[in-house]
Ligand SMILES: Nc1ncnc2c1ncn2[C@@H]1O[C@H](COP(=O)(O)OP(=O)(O)OP(=O)(O)O)[C@@H](O)[C@H]1O
Ligand SMILES: [Mg+2]
């Protein structure tokens with residue numbers, strides 16, 4: 001399936017190492033994201049934010065994680081038939097993963113373009129649909145991967161480190 005990958009400058013080695021030998025997870029969470037349910041969508045990212053706050057994650061990093069996971073969660077509710085958000089907290093980073101039930105994204109590059117949106121009227125009335133969610137996820141992540149195709153499920157994941165990699 002087509003995929004879009006992004007790794008922030010300076011994180012290449014850390015991300016490669018993480019992918020080669022996954023460290024032991026500290027905490028895992030899982031949330032169901034129902035289709036077009038904007039009362040429930042957003043709960044996963046807000047619970048995740050609370051958890052990480054309790055774990056002492058820096059507030060600037062926490063904000064990046066909250067923004068990226070909220071945008072991804074809303075996308076699943078707004079554009080798919082529903083899905084699941086999985087978060088895994090490691091010692092020095094968080095891995096957040098979204099898997100939905102389709103209908104998928106026909107052109108990933110186009111979807112990543114700021115301003116591009118297929119949001120329907122209901123979604124726009126709620127204030128979404130500026131076409132900035134995916135670019136915002138990229139901007140706030142240290143690594144991101146989006147895998148999808150028309151008629152398929154969409155998988156989106158990102159990594160955010162708790163401290164700067166030196
Ligand atoms: N999980 C998904 N399933 C299907 N299509 C998606 C999914 N996520 C994003 N898209 C497609 O990518 C487009 C761009 O997404 P993006 O989050 O950047 O903007 P938006 O959701 O339309 O508006 P905003 O996020 O600014 O409220 C969406 O309009 C939609 O066509
Ligand atoms: Mg969006």
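The values are calculated or read from the model by the stated rules, or taken from the named source; none is laboratory data. None of these values were measured; they are calculated from a predicted model. Every residue, glycine as well, gets a Cβ built from its backbone with ideal geometry; the counts of neighbours run over all protein chains shown.
Structure notes:
- Counting residues in the stretch 104-121 that are farther than 19 Å from residue 31 by Cβ, modelled with pLDDT under 95 and surrounded by fewer than 17 Cβ atoms within 10 Å (Cβ to Cβ) gives zero.
- Of the residues making up the stretch 121-131, those that are in contact with a helix residue (DSSP H, G or I) (Cβ under 8 Å, 6 or more places away or on another chain) and at negative phi number 2.
- For the stretch 124-155, residues that are in contact (Cβ under 8 Å) with a residue 60 or more places away in the chain, over 18 Å from residue 2 (Cα atoms) and more than 11 Å from ligand 2 (Cβ to nearest atom) total 4.
- Qualifying residue in the stretch 38-55 (condition: under 29 Å from residue 124 (Cβ atoms) and in contact (Cβ under 8 Å) with a residue 60 or more places away in the chain): yes
- Number of residues in the stretch 48-78 that are within 16 Å of ligand 2 (Cβ to nearest atom) and touching a helix residue (DSSP H, G or I) at 6+ places or on another chain (Cβ under 8 Å): the value is 11.
- Test for residue 74: is it within 24 Å of residue 14 (Cα to Cα) and buried (at least 19 other Cβ atoms within 10 Å of the Cβ): no
- Only residues that are under 15 Å from residue 76 (Cα atoms), within 11 Å of ligand 2 (Cβ to nearest atom) and assigned to a loop (DSSP other than H, G, I, E, B) were counted across the stretch 104-123, and they come to 3.
- Subset tally (residues that are part of a loop (DSSP other than H, G, I, E, B) and touching a strand residue (DSSP E or B) at 6+ places or on another chain (Cβ under 6 Å)) for the stretch 124-161: 4
- Failed criterion for residue 92 (all others in (1) under 17 Å from the mean Cα position of the chain (by Cα); (2) away from ligand 1 (no atom under 15 Å from the Cβ) hold): (1)
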